[in-house]
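Working notes for the structure below.
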Amino acid sequence: QGGEALDAIKKRALACGAVESYVVDARDEFANDYCMLALKANAMYEDVYPLVSALSRPLITKHLVHAAHEFDADTIAHGCTGKGNDQVRFEVAIKSLDPQLKAISPIRDLSLTRDVEIAFANSHQLPIEQSKKSPYSIDQNVWGRAIETGFLEDPWNAPTEECYSYTQNPMESQEPDEVTITFEKGVPVAIDGHSVTPLQAIEEMNARAGAQGIGRIDIIEDRLVGIKSRELYEVPGAQALITAHQELENCCLEREQHRLKR
């Protein structure tokens, strides 16, 4: 999910008291089987931003269920709160893959707030990046980065630069960059003439589009539980690739095909 080395994640889990740690590098699988389907569909939530968290949850659940079977577990615990959509995504996906598995959410079931979670982690010397001064909830993968909570919950508060990681400030002067993307059957296969895998295409466009300040989104979302939530997104690679794919379709699709796809 994040940008940490897999061995660091494994060591941290064991240091925090886990008996065993199961870590999977699923970036290529995510890029090939999920991101490319989203790209072909030009999948944008409310026509505004490429799906980030939602796109990754089925794959995470697939590996969670696999790990549960491998270790003969009967319960999967996740870290979702009772406010977001992820609790539904995980629990529905878990039950669809194995109805016998039980899913629990300690943070939701104990009604823990962000401040309480931070205090608990600090009191038990658990390594976390969040603090009361920077309490953001961040979810990231190769397709993008989502930032929420903290002072961002007030829509009147403008984001500060510390919120961002994948993108440069678009107000700052950037060296122009022209990119040529080659598509085959809706999938990027080359950038500026050199062959790329889907993962390489996403990562290169994350770097190049992000350097231009492309992909910053600030949106109010509707949650499944009936509340609204303010989210920031950084999706430089996804936005650049989807925009390029849409323009390619404008050249290739007939009017009725284009209308049907939308």
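Give all pairs with beta carbons closer than 8 Å in which a residue from segment 218-231 that is more than 16 Å from residue 145 (Cβ to Cβ) and basic (Lys, Arg) meets a residue that is surrounded by 12 or more Cβ atoms within 10 Å (Cβ to Cβ) and at pLDDT below 85; count only pairs at least 6 apart in sequence or on separate chains.
Final answer for the pair search is 223/83; 223/84.
List, please: which pairs have Cβ atoms under 8 Å, are six or more places apart or on different chains, and start with a residue in segment 148-159 that is touching a residue at least 60 places away in the same chain (Cβ under 8 Å) and end with one that is of a type in the set (A, V, I, L, M) and in a helix (DSSP H, G or I)?
Qualifying pairs under 8 Å: 159/152.
Quick one: which residue in 109, 86, 72 is among the charged types (D, E, K, R) and in contact with a Lys or Arg (Cβ under 7 Å, 6 or more places away or on another chain)?
86
Please count how many residues of segment 86-120 are in contact with a Pro (Cβ under 8 Å, 6 or more places away or on another chain) and not β-branched (Val, Ile, Thr).
5
Against the condition in contact with a helix residue (DSSP H, G or I) (Cβ under 9 Å, 6 or more places away or on another chain), closer than 30 Å to residue 37 by Cβ, surrounded by fewer than 17 Cβ atoms within 10 Å (Cβ to Cβ) and not basic (Lys, Arg), how does residue 77 come out, does it pass?
Working: in contact with a helix residue (DSSP H, G or I) (Cβ under 9 Å, 6 or more places away or on another chain): yes; closer than 30 Å to residue 37 by Cβ: yes; surrounded by fewer than 17 Cβ atoms within 10 Å (Cβ to Cβ): yes; not basic (Lys, Arg): yes.
It is true that residue 77 is in contact with a helix residue (DSSP H, G or I) (Cβ under 9 Å, 6 or more places away or on another chain), closer than 30 Å to residue 37 by Cβ, surrounded by fewer than 17 Cβ atoms within 10 Å (Cβ to Cβ) and not basic (Lys, Arg).
Return only the number of the condition from (1) under 27 Å from residue 59 (Cα atoms); (2) touching a residue at least 40 places away in the same chain (Cβ under 8 Å) that residue 196 does not satisfy.
Answer for residue 196: the failing condition is (2).
Determine whether segment 173-194 contains at least one residue that is at pLDDT below 95 and hydrophobic (A, V, I, L, M, F, W, C).
No, because not a single residue in segment 173-194 is at pLDDT below 95 and hydrophobic (A, V, I, L, M, F, W, C).
For segment 179-200, which positions are of a type outside the set (A, V, I, L, M, F, W, C), assigned to a strand (DSSP E or B) and under 23 Å from the mean Cα position of the chain (by Cα)?
Residues of segment 179-200 that are of a type outside the set (A, V, I, L, M, F, W, C), as a first pass: 180, 182, 184-186, 188, 192-195, 197-198, 200.
Now drop any that are not assigned to a strand (DSSP E or B), which leaves 182, 184, 188, 194-195.
Hit for segment 179-200 is 188, nothing else.
I need the full set of residues from segment 48-77 which are more than 13 Å from the chain's Cα centre (by Cα) and closer than 21 Å to residue 144 by Cα, in order please.
So in segment 48-77, the residues more than 13 Å from the chain's Cα centre (by Cα) come out as 48, 61-77.
Residues satisfying the conditions are 48, 61, 62, 63.
Looking at 175, 203, 184, 162, which is the one that is among the charged types (D, E, K, R), touching a residue at least 60 places away in the same chain (Cβ under 8 Å) and more than 30 Å from residue 74 (Cβ to Cβ)?
203
Restricting the first residue to segment 236-261 and requiring it to be within 21 Å of residue 46 (Cα to Cα) and modelled with pLDDT of 95 or more, which pairs with a second residue that is among the small types (Gly, Ala, Ser) and part of a helix (DSSP H, G or I) meet a Cβ separation below 7 Å and a spacing of at least six or different chains?
Pairs that qualify, where the first residue is within 21 Å of residue 46 (Cα to Cα) and modelled with pLDDT of 95 or more and the partner is among the small types (Gly, Ala, Ser) and part of a helix (DSSP H, G or I), are 236/209; 236/210; 237/209; 239/209; 240/209; 241/201.
Tell me the helices (runs of 4 or more DSSP H) entirely within segment 1-62 that contain at least 1 residues that are surrounded by fewer than 13 Cβ atoms within 10 Å (Cβ to Cβ). Talk me through it step by step, then tell me what you get.
Values: elements: 6-15, 27-30, 36-40.
Passing ranges, in order: 6-15.
Exactly one of (1) under 21 Å from residue 140 (Cα atoms); (2) in a helix (DSSP H, G or I); (3) of a type in the set (D, E, K, R) is unmet by residue 247. Its number?
All conditions pass for residue 247, except number (1).
Would a scan of segment 80-87 turn up a residue that is closer than 24 Å to residue 110 by Cα, out of contact with any Gly (no Cβ under 8 Å at 6 or more places or on another chain), loosely packed, with under 14 Cβ neighbours inside 10 Å and in contact (Cβ under 8 Å) with a residue 60 or more places away in the chain?
Within segment 80-87, one or more residues are closer than 24 Å to residue 110 by Cα, out of contact with any Gly (no Cβ under 8 Å at 6 or more places or on another chain), loosely packed, with under 14 Cβ neighbours inside 10 Å and in contact (Cβ under 8 Å) with a residue 60 or more places away in the chain.
The values are calculated or read from the model by the stated rules, or taken from the named source; none is laboratory data. Owing to the predicted nature of the structure, the values given are computational and were not obtained by experimental measurement. Here the Cβ is made from the backbone with ideal geometry for all residues, glycine too, and neighbour counts use every protein chain on show.
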